[in-house]
1. Give the residues of the range 87-105 that are farther than 12 Å from L150 by Cα and part of a loop (DSSP other than H, G, I, E, B), sorted by residue number.
2. Report yes if some residue within the range 218-225 is within 20 Å of the chain's Cα centre (by Cα) and surrounded by 16 or more Cβ atoms within 10 Å (Cβ to Cβ); otherwise report no.
3. State the number of residues belonging to the range 157-177 that are within 14 Å of the chain's Cα centre (by Cα) and either in the same structural domain as S270 (by the TED database) or in a helix (DSSP H, G or I) (or both).
4. Need the failing condition index for A211 against (1) within 13 Å of the chain's Cα centre (by Cα); (2) under 30 Å from G26 (Cα atoms), just the number.
5. Take the conditions in the same structural domain as D43 (by the TED database), open to solvent by less than 60 Å² (accessible area, probe 1.4 Å) and in contact with a strand residue (DSSP E or B) (Cβ under 6 Å, 6 or more places away or on another chain) and apply them to A145. Does it pass?
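The values are calculated or read from the model by the stated rules, or taken from the named source; none is laboratory data. All of these numbers come straight from a predicted model, not from anything done at the bench. Heads up, the Cβs are rebuilt from the backbone with ideal geometry, glycines too, and the neighbour counts pull from every protein chain shown. Keep in mind that these areas ignore ligands, DNA and RNA; they rest on the heavy atoms of the full protein, side chains included. Shrake-Rupley method; radii C 1.70, N 1.55, O 1.52, S 1.80 Å.
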Amino acid sequence: MESPLLQTPGAVPADAPDQEVAAHYGEPSQEQRALEDGAAFVDRSNRGVVRISGPDRLSWLHSLLSQHLDALKPFEPTEALLLGAKGHIENHLFLIDDGEAVWAHVEPGSAAPLVEFLDRMRFMLRVEVEDVSASHAVVTGPGPAEPGTLAWPDAAGTVTRVVPRGEFPEGLRPAGIWAYEALRIAEHRPRFGVDTDHRTIPHEAGYVETAVHLNKGCYRGQETVARVHNLGRPPRRLVFLHLDGSVDRLPAPGDPVEIPGGRNVGFVGSAARHHELGPVALAMVKRNVPVDTELLAGGVAAAQEVVVSPDTGANAQIDLRRRPAKHG
């Protein structure tokens, strides 16, 4: 569903998977600063919105997802993963319960398959699942979150809200998705389906810190989570890349990450130009790549910064190295 803000003078459509919203409105760097300073909002209405109602909703979702949900308090934001039988990530959900229903926002194009899966798993339980993307949308803007609203804390002190579709904050300038993506990448926040692939498990991307509860009952894929947590050393790890600023292009999602000599050790996920850090990216690389090795990301020289430790799991402390959020 294409955003009406794409008709704004100067609006430039983003690339997939964000082609339905604006990359920028003519001033990418200024838009990014305005978003960080609390003077702008980002239309993220290409994301899907799902509503799950019924008295069994929390215990049911608790049995299906990676997060502890059966005692979730109203308007307490959280995250969860839907995992496959072998522990691979199939969806990443941002969740909040309003006392009557659980609301979730998910990546573009993933609401319909999520609803289809959940419908198959209802059996005789008292739950109803709806894709409400046509009537509700996702917007990211200044905080703090108002009490009793569908809102999640996000990058650089912003707040992401589910609102009626077409409702945008008043008195703020629009910023394109490039602005949000730059701030997200700088805070080492992976994006499902861009910074992950079909083989990604939670420990590799650092989702164990935010979207997995390690002391809850059985759910699909739990065996993999428990094994890696107990034995350590997941096959790959998320890294943050400082890219060569003298190159006039960014690597594309899926571009190879190589070490000197041309050996492929991973793939590029998100990349952006940050107004302070310059060109940056997230990438998934093999666990055994030395943390101080210079890399080539889509042919662009890159210095890596550890996000997920090679020793994550086992007796090593899980330490997802997030940059501190900047508040205006």
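1. Of the residues in the range 87-105, the ones farther than 12 Å from L150 by Cα are 87-93, 100.
Answer for the range 87-105, where residues must be farther than 12 Å from L150 by Cα and part of a loop (DSSP other than H, G, I, E, B): G87, H88, E100.
2. Here is the first cut: in the range 218-225, the residues within 20 Å of the chain's Cα centre (by Cα) are 221, 225.
Restricting the remaining residues to those that are surrounded by 16 or more Cβ atoms within 10 Å (Cβ to Cβ) gives 221, 225.
Yes, some residue in the range 218-225 is within 20 Å of the chain's Cα centre (by Cα) and surrounded by 16 or more Cβ atoms within 10 Å (Cβ to Cβ).
3. 1
4. (2)
5. On the way: in the same structural domain as D43 (by the TED database): yes; open to solvent by less than 60 Å² (accessible area, probe 1.4 Å): yes; in contact with a strand residue (DSSP E or B) (Cβ under 6 Å, 6 or more places away or on another chain): yes.
So A145 passes the test.
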